[in-house]
Amino acid sequence: MGTILDSIIERKKVEVEELRISGTEIPEFTSKPRSLLKALREASNVAIISEFKRASPSKGDINLSLDPAKQAILYARAGASAISVLTDVKGFKGSFTDLKKVREAVDLPILCKDFIVDQIQIDLAHSAGADVILLIASALPLGKLSELYEYAYEKGLECLVEIHDETDLEKAIHIKAQMIGINNRDLKSFEVNLVNTEKLGPLVKKAGAFLISESGMKTRDDIVRAAAAGASGVLVGETFMTSADLNETFQTFTVPVVRDHHEG
Ligand SMILES: O=C(O)c1ccccc1NCC(=O)[C@H](O)[C@H](O)COP(=O)(O)O
(Lines give C-alpha, C1' and ligand atoms only; values in the text may rest on other atoms or scores of the structure.)
Protein backbone atom coordinates (compact mmCIF):
# COMPACT_ATOMS: atom_id res chain seq x y z
CA MET A 1 0.00 0.00 0.00
CA GLY A 2 1.30 3.47 -0.89
CA THR A 3 1.78 6.27 1.64
CA ILE A 4 -0.26 9.45 1.89
CA LEU A 5 2.74 11.15 0.25
CA ASP A 6 2.48 8.78 -2.75
CA SER A 7 -1.18 9.66 -3.23
CA ILE A 8 -0.53 13.40 -2.88
CA ILE A 9 2.27 13.18 -5.46
CA GLU A 10 0.03 11.31 -7.93
CA ARG A 11 -2.65 13.97 -7.48
CA LYS A 12 -0.07 16.74 -8.00
CA LYS A 13 1.04 15.20 -11.31
CA VAL A 14 -2.58 15.32 -12.52
CA GLU A 15 -2.97 18.94 -11.34
CA VAL A 16 0.22 19.94 -13.18
CA GLU A 17 -1.02 18.28 -16.38
CA GLU A 18 -4.34 20.16 -16.10
CA LEU A 19 -2.48 23.42 -15.51
CA ARG A 20 -0.35 22.89 -18.62
CA ILE A 21 -3.40 22.03 -20.75
CA SER A 22 -5.21 25.16 -19.51
CA GLY A 23 -2.32 27.30 -20.83
CA THR A 24 -2.66 29.62 -17.81
CA GLU A 25 -0.20 32.52 -18.08
CA ILE A 26 2.07 32.87 -15.06
CA PRO A 27 3.17 36.49 -14.58
CA GLU A 28 6.77 37.20 -13.54
CA PHE A 29 7.23 38.47 -9.99
CA THR A 30 9.65 41.36 -9.76
CA SER A 31 10.78 42.19 -6.28
CA LYS A 32 13.92 41.77 -4.18
CA PRO A 33 14.50 38.18 -3.07
CA ARG A 34 14.81 37.50 0.66
CA SER A 35 17.21 34.81 1.81
CA LEU A 36 16.41 32.10 4.35
CA LEU A 37 20.02 30.91 4.15
CA LYS A 38 21.23 34.36 5.20
CA ALA A 39 18.73 34.39 8.08
CA LEU A 40 20.05 30.99 9.25
CA ARG A 41 23.68 32.13 8.98
CA GLU A 42 23.00 35.25 11.01
CA ALA A 43 20.63 33.86 13.66
CA SER A 44 21.91 33.55 17.21
CA ASN A 45 18.72 31.78 18.28
CA VAL A 46 17.17 28.80 16.53
CA ALA A 47 15.40 30.42 13.56
CA ILE A 48 11.67 29.94 13.73
CA ILE A 49 9.87 29.37 10.45
CA SER A 50 6.23 29.99 11.33
CA GLU A 51 3.70 28.25 9.18
CA PHE A 52 0.28 29.33 7.95
CA LYS A 53 -1.56 25.99 8.02
CA ARG A 54 -5.36 25.93 7.85
CA ALA A 55 -5.77 22.14 7.76
CA SER A 56 -3.83 18.96 7.16
CA PRO A 57 -4.37 15.32 6.17
CA SER A 58 -3.38 14.16 9.67
CA LYS A 59 -5.41 16.67 11.71
CA GLY A 60 -8.26 17.76 9.44
CA ASP A 61 -9.24 21.38 10.07
CA ILE A 62 -6.73 23.18 12.31
CA ASN A 63 -7.87 26.80 12.13
CA LEU A 64 -9.98 28.05 9.25
CA SER A 65 -10.80 31.45 10.67
CA LEU A 66 -7.36 33.09 10.56
CA ASP A 67 -6.46 35.67 7.95
CA PRO A 68 -3.07 34.97 6.29
CA ALA A 69 -1.92 38.61 6.23
CA LYS A 70 -2.88 39.25 9.87
CA GLN A 71 -1.27 36.00 11.04
CA ALA A 72 1.90 36.78 9.07
CA ILE A 73 2.14 40.18 10.73
CA LEU A 74 1.77 38.53 14.16
CA TYR A 75 4.52 36.03 13.23
CA ALA A 76 6.81 38.84 12.05
CA ARG A 77 6.21 40.90 15.22
CA ALA A 78 6.90 37.85 17.41
CA GLY A 79 10.30 37.44 15.73
CA ALA A 80 9.85 34.82 12.99
CA SER A 81 12.85 34.38 10.68
CA ALA A 82 10.63 33.24 7.81
CA ILE A 83 7.04 32.29 7.06
CA SER A 84 5.92 29.03 5.51
CA VAL A 85 2.65 29.00 3.58
CA LEU A 86 0.88 25.78 2.61
CA THR A 87 -0.35 26.25 -0.96
CA ASP A 88 -1.86 22.81 -1.53
CA VAL A 89 -5.64 23.21 -1.85
CA LYS A 90 -7.01 19.68 -1.47
CA GLY A 91 -4.99 18.36 1.49
CA PHE A 92 -4.31 21.58 3.40
CA LYS A 93 -6.99 24.10 2.29
CA GLY A 94 -4.14 26.44 1.33
CA SER A 95 -3.61 28.46 -1.87
CA PHE A 96 -1.26 30.72 -3.79
CA THR A 97 -3.69 33.51 -2.89
CA ASP A 98 -2.72 32.96 0.77
CA LEU A 99 0.95 33.18 -0.18
CA LYS A 100 0.39 36.43 -2.14
CA LYS A 101 -1.42 37.95 0.84
CA VAL A 102 1.49 37.04 3.13
CA ARG A 103 3.96 38.48 0.58
CA GLU A 104 2.08 41.79 0.60
CA ALA A 105 1.97 41.87 4.41
CA VAL A 106 5.56 41.13 5.51
CA ASP A 107 9.17 41.55 4.43
CA LEU A 108 10.42 38.10 5.56
CA PRO A 109 11.56 35.16 3.43
CA ILE A 110 8.54 33.04 2.45
CA LEU A 111 8.69 29.28 2.02
CA CYS A 112 6.18 27.84 -0.44
CA LYS A 113 5.20 24.60 1.29
CA ASP A 114 3.85 22.32 -1.39
CA PHE A 115 4.54 19.03 -3.13
CA ILE A 116 6.59 20.09 -6.12
CA VAL A 117 6.98 17.65 -8.99
CA ASP A 118 7.31 20.02 -11.95
CA GLN A 119 8.98 23.31 -12.97
CA ILE A 120 5.58 24.95 -13.55
CA GLN A 121 4.90 24.81 -9.78
CA ILE A 122 8.18 26.65 -9.20
CA ASP A 123 7.02 29.31 -11.68
CA LEU A 124 3.77 29.62 -9.70
CA ALA A 125 5.62 29.89 -6.37
CA HIS A 126 7.94 32.55 -7.77
CA SER A 127 5.05 34.45 -9.32
CA ALA A 128 3.20 34.52 -5.98
CA GLY A 129 6.26 35.99 -4.24
CA ALA A 130 7.93 32.98 -2.60
CA ASP A 131 11.66 33.09 -1.84
CA VAL A 132 12.13 29.42 -0.94
CA ILE A 133 10.53 26.22 -2.18
CA LEU A 134 10.31 22.82 -0.53
CA LEU A 135 11.59 19.79 -2.43
CA ILE A 136 10.75 16.43 -0.85
CA ALA A 137 13.57 13.97 -1.57
CA SER A 138 11.47 10.83 -1.13
CA ALA A 139 8.89 12.13 -3.61
CA LEU A 140 11.37 12.70 -6.44
CA PRO A 141 13.86 10.52 -8.32
CA LEU A 142 17.39 11.92 -8.02
CA GLY A 143 17.43 13.30 -11.59
CA LYS A 144 14.15 15.18 -11.07
CA LEU A 145 15.24 16.47 -7.66
CA SER A 146 18.44 17.79 -9.18
CA GLU A 147 16.61 19.36 -12.16
CA LEU A 148 14.07 21.16 -9.94
CA TYR A 149 16.78 22.29 -7.50
CA GLU A 150 18.79 23.89 -10.31
CA TYR A 151 15.72 25.40 -11.95
CA ALA A 152 14.70 27.06 -8.67
CA TYR A 153 18.14 28.58 -8.14
CA GLU A 154 18.18 29.87 -11.77
CA LYS A 155 14.94 31.71 -10.93
CA GLY A 156 16.48 33.18 -7.78
CA LEU A 157 14.68 30.87 -5.36
CA GLU A 158 16.34 28.93 -2.54
CA CYS A 159 15.45 25.30 -1.80
CA LEU A 160 14.78 23.48 1.43
CA VAL A 161 15.31 19.79 0.70
CA GLU A 162 13.18 17.64 2.99
CA ILE A 163 14.37 14.22 4.09
CA HIS A 164 12.86 11.38 6.10
CA ASP A 165 15.68 8.83 6.15
CA GLU A 166 19.27 8.12 5.16
CA THR A 167 18.38 7.30 1.53
CA ASP A 168 16.83 10.77 1.21
CA LEU A 169 19.88 12.28 2.89
CA GLU A 170 22.19 10.72 0.29
CA LYS A 171 20.12 12.39 -2.45
CA ALA A 172 20.24 15.75 -0.67
CA ILE A 173 24.01 15.48 -0.26
CA HIS A 174 24.39 14.47 -3.93
CA ILE A 175 22.73 17.67 -5.12
CA LYS A 176 24.76 19.67 -2.55
CA ALA A 177 21.68 20.98 -0.75
CA GLN A 178 22.60 23.87 1.52
CA MET A 179 19.43 23.64 3.63
CA ILE A 180 18.07 20.25 4.66
CA GLY A 181 14.81 19.77 6.52
CA ILE A 182 14.25 16.63 8.59
CA ASN A 183 10.55 15.89 8.81
CA ASN A 184 9.67 14.33 12.15
CA ARG A 185 6.27 13.23 10.82
CA ASP A 186 6.10 9.66 9.53
CA LEU A 187 3.95 9.94 6.43
CA LYS A 188 2.64 6.38 6.79
CA SER A 189 1.47 6.50 10.40
CA PHE A 190 1.39 10.33 10.84
CA GLU A 191 3.25 9.74 14.09
CA VAL A 192 5.58 12.59 15.02
CA ASN A 193 8.88 11.77 16.70
CA LEU A 194 11.82 14.08 17.28
CA VAL A 195 14.08 11.06 17.39
CA ASN A 196 14.22 11.43 13.60
CA THR A 197 15.98 14.78 13.98
CA GLU A 198 18.24 13.37 16.70
CA LYS A 199 19.19 10.41 14.50
CA LEU A 200 19.75 12.21 11.19
CA GLY A 201 20.72 15.67 12.47
CA PRO A 202 24.39 14.92 13.15
CA LEU A 203 24.71 13.40 9.63
CA VAL A 204 23.23 16.54 8.06
CA LYS A 205 25.67 18.69 10.05
CA LYS A 206 28.58 16.46 8.98
CA ALA A 207 27.57 17.13 5.38
CA GLY A 208 27.94 20.86 6.06
CA ALA A 209 24.29 21.80 5.44
CA PHE A 210 22.03 23.94 7.58
CA LEU A 211 19.46 21.80 9.36
CA ILE A 212 15.80 22.62 9.89
CA SER A 213 13.72 20.32 12.08
CA GLU A 214 10.14 20.11 10.80
CA SER A 215 6.86 19.12 12.48
CA GLY A 216 5.60 18.25 15.91
CA MET A 217 7.11 21.15 17.89
CA LYS A 218 4.86 21.54 20.92
CA THR A 219 7.09 22.68 23.81
CA ARG A 220 10.33 24.56 24.50
CA ASP A 221 11.96 21.22 25.24
CA ASP A 222 11.28 20.13 21.64
CA ILE A 223 13.21 23.16 20.35
CA VAL A 224 16.03 22.49 22.83
CA ARG A 225 16.25 18.89 21.58
CA ALA A 226 16.27 20.02 17.93
CA ALA A 227 19.01 22.57 18.71
CA ALA A 228 21.09 19.92 20.48
CA ALA A 229 20.81 17.74 17.35
CA GLY A 230 22.23 20.62 15.30
CA ALA A 231 19.11 22.41 14.04
CA SER A 232 19.61 26.01 12.98
CA GLY A 233 15.89 26.33 12.45
CA VAL A 234 12.53 24.76 13.24
CA LEU A 235 9.32 24.72 11.24
CA VAL A 236 6.22 25.16 13.38
CA GLY A 237 2.65 24.99 12.09
CA GLU A 238 -0.17 23.62 14.22
CA THR A 239 1.13 24.85 17.59
CA PHE A 240 1.17 28.48 16.40
CA MET A 241 -2.07 28.20 14.43
CA THR A 242 -3.92 27.02 17.55
CA SER A 243 -2.14 29.08 20.21
CA ALA A 244 -4.37 31.30 22.37
CA ASP A 245 -1.35 33.57 23.00
CA LEU A 246 0.92 33.39 19.98
CA ASN A 247 3.50 35.84 21.29
CA GLU A 248 3.86 33.97 24.58
CA THR A 249 4.15 30.59 22.82
CA PHE A 250 6.66 32.04 20.38
CA GLN A 251 8.86 33.48 23.14
CA THR A 252 9.01 30.12 24.95
CA PHE A 253 10.33 28.65 21.67
CA THR A 254 13.28 31.08 21.63
CA VAL A 255 16.39 28.96 22.21
CA PRO A 256 20.09 29.70 21.42
CA VAL A 257 21.51 27.93 18.38
CA VAL A 258 24.29 25.38 18.97
CA ARG A 259 26.99 26.12 16.36
CA ASP A 260 29.66 23.71 15.15
CA HIS A 261 32.69 23.95 12.90
CA HIS A 262 31.07 22.14 9.91
CA GLU A 263 28.65 24.98 9.14
CA GLY A 264 29.10 26.73 5.81
O1 LIG B 1 0.75 17.80 8.46
C2 LIG B 1 0.37 16.78 7.84
O3 LIG B 1 -0.60 16.11 8.17
C4 LIG B 1 1.10 16.33 6.60
C5 LIG B 1 0.64 15.20 5.94
C6 LIG B 1 1.27 14.77 4.78
C7 LIG B 1 2.35 15.46 4.28
C8 LIG B 1 2.82 16.60 4.94
C9 LIG B 1 2.21 17.03 6.08
N10 LIG B 1 2.60 18.17 6.74
C11 LIG B 1 3.49 19.11 6.16
C12 LIG B 1 4.49 19.62 7.11
O13 LIG B 1 5.66 19.32 6.92
C14 LIG B 1 4.04 20.44 8.30
O15 LIG B 1 3.01 21.28 7.89
C16 LIG B 1 5.10 21.30 8.94
O17 LIG B 1 6.28 20.62 9.17
C18 LIG B 1 4.56 21.84 10.29
O19 LIG B 1 4.18 20.74 11.10
P20 LIG B 1 3.39 20.95 12.48
O21 LIG B 1 4.14 21.95 13.29
O22 LIG B 1 3.37 19.61 13.13
O23 LIG B 1 2.04 21.45 12.12
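In the stretch 192-204, which residues are within 26 Å of S7 (Cα to Cα) and in contact with a Ser or Thr (Cβ under 9 Å, 6 or more places away or on another chain)?
Start the filter on the stretch 192-204 by keeping residues that are within 26 Å of S7 (Cα to Cα), which leaves 192-197, 200.
Matches in the stretch 192-204: V192, L194, N196, T197.
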Scan (1) in contact with a helix residue (DSSP H, G or I) (Cβ under 8 Å, 6 or more places away or on another chain); (2) of a type in the set (V, I, T); (3) surrounded by fewer than 24 Cβ atoms within 10 Å (Cβ to Cβ) for the single condition I110 breaks and write down its number. (3)
Filtering the stretch 49-66 down to residues that are in contact with a Gly (Cβ under 7 Å, 6 or more places away or on another chain) and either of a type in the set (V, I, T) or more than 23 Å from L235 (Cα to Cα) (or both) yields I49
Which residue, of K218, K188, K205, is farther than 16 Å from E51 by Cα and either surrounded by fewer than 15 Cβ atoms within 10 Å (Cβ to Cβ) or within 15 Å of the ligand (Cβ to nearest atom) (or both)? K188
So which residues in the stretch 47-81 are under 16 Å from T97 (Cα atoms) and of a type in the set (S, T, Y), if there are any at all? S65
Taking the stretch 223-240, which residues are near the ligand (Cβ under 9 Å from one of its atoms), in contact with a strand residue (DSSP E or B) (Cβ under 6 Å, 6 or more places away or on another chain) and assigned to a helix (DSSP H, G or I)? F240
So V224, is it at pLDDT 95 or above and buried (at least 17 other Cβ atoms within 10 Å of the Cβ): no
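Using the structure shown, decide if L200 is more than 21 Å from R41 (Cα to Cα) and either at pLDDT 95 or above or not aliphatic (A, V, I, L, M) (or both). So that I can check it myself, show each step before the final result.
Working: more than 21 Å from R41 (Cα to Cα): no; either at pLDDT 95 or above or not aliphatic (A, V, I, L, M) (or both): yes.
So L200 fails the test.
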Residue match in the stretch 106-120 (condition: more than 16 Å from the ligand (Cβ to nearest atom) and among the basic types (K, R)): no
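Go through the stretch 7-30 residue by residue and tally those that are touching a residue at least 24 places away in the same chain (Cβ under 8 Å) and assigned to a helix (DSSP H, G or I). So that I can check it myself, show each step before the final result.
Taking the stretch 7-30 and keeping what is touching a residue at least 24 places away in the same chain (Cβ under 8 Å), we get 8-9, 11-13, 16, 19-20, 26-29.
Right, trim to assigned to a helix (DSSP H, G or I) and you get 8-9, 11-13, 16, 19-20.
Total satisfying the criteria: 8.
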Any pair with Cβ under 7 angstrom, 6 or more apart, that starts in the stretch 46-65 at a residue that is buried (at least 23 other Cβ atoms within 10 Å of the Cβ) and ends at one that is of a type in the set (D, E, K, R): E51/K113; F52/D98; K53/E238
Report yes if some residue within the stretch 146-157 is among the aliphatic types (A, V, I, L, M), in a helix (DSSP H, G or I), away from the ligand (no atom under 13 Å from the Cβ) and over 25 Å from S232 (Cα atoms); otherwise report no. no
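The values are calculated or read from the model by the stated rules, or taken from the named source; none is laboratory data. These figures come from a predicted structure and were not determined experimentally. So basically every Cβ, Gly included, is an ideal-geometry build from the backbone, and we count neighbours across all protein chains shown.
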